[in-house]
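Participant: Sharing a structure with you now.
The values are calculated or read from the model by the stated rules, or taken from the named source; none is laboratory data. In this text the structure is predicted, and so the values were computed from the model without any measurement. Every residue, glycine as well, gets a Cβ built from its backbone with ideal geometry; the counts of neighbours run over all protein chains shown.
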Amino acid sequence: MGNQNLDKTLLSPRNKRLALLVWFRLSRFYNQSIRQTNQHLKQWNLSAAQFDILVQIGLYQPIAQQELADKLVVTKGNVAQLLKKMETMGWIKREQHWKTKFITLTEEGSRFYKEVVPPQEQFQATQFCGLDREEQAQLLYLLKKLQKSIDPEEETV
């Protein structure tokens, strides 16, 4: 882990307090954002997790179920439960090829994707309207840097 070689000055009481404040603020923002996102997605009977799956499948189809789980940083089992509901709704189809399940959007799923994704992307973008473009770019850079320090192997997009 990237945390093993921390400079002792980073762990001073003053710096530790600041780091904790950053973590709490980031956590609160994330939780509030997810609540608002789930509320916004209710009009389509979707959760934030299902929306994420819909987007990933729409962008990368056909996508292997394990690859989808890896992109979402969740277990294959968690993805399977969400996929089952989405399959029941007629939005996706899964096909077994040898040992791998591939997932694609159905025609209905593609129509649904086109209906849901643009307004949801607009909604998500408004959550950052308190920052100008330069500040958003800086935040993205800092979050990628932070993520890389926690897990150097992690691919940051």
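Participant: In the list A69, A80, which residue meets the criterion of being in contact with a Lys or Arg (Cβ under 7 Å, 6 or more places away or on another chain), more than 25 Å from Q32 (Cβ to Cβ) and small (G, A, S)?
Facilitator: A69
Participant: Kindly indicate the residue of region 40-69 that is touching a Leu at 6+ places or on another chain (Cβ under 9 Å) and not hydrophobic (A, V, I, L, M, F, W, C) and also farthest from Q124 (Cα to Cα) among those meeting that condition.
Facilitator: Residue satisfying both the conditions and the ranking: Q65.
Participant: Here's something else I'd like to know. Provide a single number: the residues in region 39-53 that are under 15 Å from the mean Cα position of the chain (by Cα) and either at pLDDT 95 or above or among the acidic types (D, E) (or both).
Facilitator: Selection size over region 39-53: 2.
Participant: Tell me the residue from L68, L83 that is closer than 24 Å to H40 by Cα, among the aliphatic types (A, V, I, L, M) and over 15 Å from the mean Cα position of the chain (by Cα), please. Don't jump to the end; show me each part of the working.
Facilitator: Numbers: L68 fails: over 15 Å from the mean Cα position of the chain (by Cα).
None of the other options fit; the residue is L83.
Participant: Output the number of residues of region 104-131 satisfying the condition of being out of contact with any helix residue (DSSP H, G or I) (no Cβ under 8 Å at 6 or more places or on another chain) and of a type outside the set (K, R).
Facilitator: Final tally of qualifying residues: 11.
Participant: Can you confirm whether F102 is out of contact with any Lys or Arg (no Cβ under 8 Å at 6 or more places or on another chain), more than 19 Å from S33 (Cβ to Cβ) and touching a residue at least 40 places away in the same chain (Cβ under 8 Å)?
Facilitator: Against the criterion (out of contact with any Lys or Arg (no Cβ under 8 Å at 6 or more places or on another chain), more than 19 Å from S33 (Cβ to Cβ) and touching a residue at least 40 places away in the same chain (Cβ under 8 Å)), F102 does not qualify.
Participant: Identify the single condition in (1) in contact with a helix residue (DSSP H, G or I) (Cβ under 9 Å, 6 or more places away or on another chain); (2) at pLDDT 90 or above that V79 does not satisfy, given that it satisfies every other one.
Facilitator: Among (1) in contact with a helix residue (DSSP H, G or I) (Cβ under 9 Å, 6 or more places away or on another chain); (2) at pLDDT 90 or above, the lone unmet condition for V79 is (2).
Participant: Just checking, which of N38, N31, N45 is at positive phi and not charged (D, E, K, R)? Spell out the reasoning first.
Facilitator: Values: N38 fails: at positive phi; N31 fails: at positive phi.
The conditions single out N45.
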